[in-house]
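Participant: Before I ask anything, let me first share the structure, which is written out below as structure tokens.
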Amino acid sequence: MIDTERVKKMTQMALREKRSGIKLDSVDDIDKKDFLSFYGVRSFFQSTIIYCVLFILIIVLIFSTVTVQVNRLNIAITVFAGIMGYLFFMLFYSGYSRRQNIRRFAEYQQIADDQRNDLKILEEMYEKEERESHGQQEKTDRDEQNEDRPGDEEPNQ
């Protein structure tokens, strides 16, 4: 006889694993500080690359469309504006990224907790089934021993 509750629980776990198995691997047993540190470093490099690409595109656009006399003052102003823009961009992007990573961590923790709870319920089902089948096996063994026991037979005359 197939236990429908167990099959249902196993199906739920398999679907959750299929949907978010990669996410579960990334937060297996790490704490929030480690998670945010990892994604913070990743966010720093990602934002730096994004800013550099945007800055270069803007500079090329400005210098190609506007006739600007290239001298030391214009280069210094451009470098200063680029550095200040980078600092402000990093300030806003890191705040946004941190909020996203906190939300992501909470989501992943919820998925992991649900998976652990389902696994615990499934293990309890298996243990209950094992106890029941083991109990029936012991009862069958006792019955067999009672049948084979000498002295309980009726004497033949």
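The values are calculated or read from the model by the stated rules, or taken from the named source; none is laboratory data. In this text, all values refer to a predicted model and were calculated from it rather than measured experimentally. Cβ: placed from backbone, ideal geometry, glycine included. Neighbour counts: every protein chain shown.
Participant: Inside region 107-120, can you point out the residues that are closer than 14 Å to T11 by Cβ and exposed (fewer than 14 other Cβ atoms within 10 Å of the Cβ)?
Facilitator: L119
Participant: Determine, yes or no, whether F44 is in contact with a Ser or Thr (Cβ under 9 Å, 6 or more places away or on another chain), part of a helix (DSSP H, G or I) and at pLDDT below 85.
Facilitator: no
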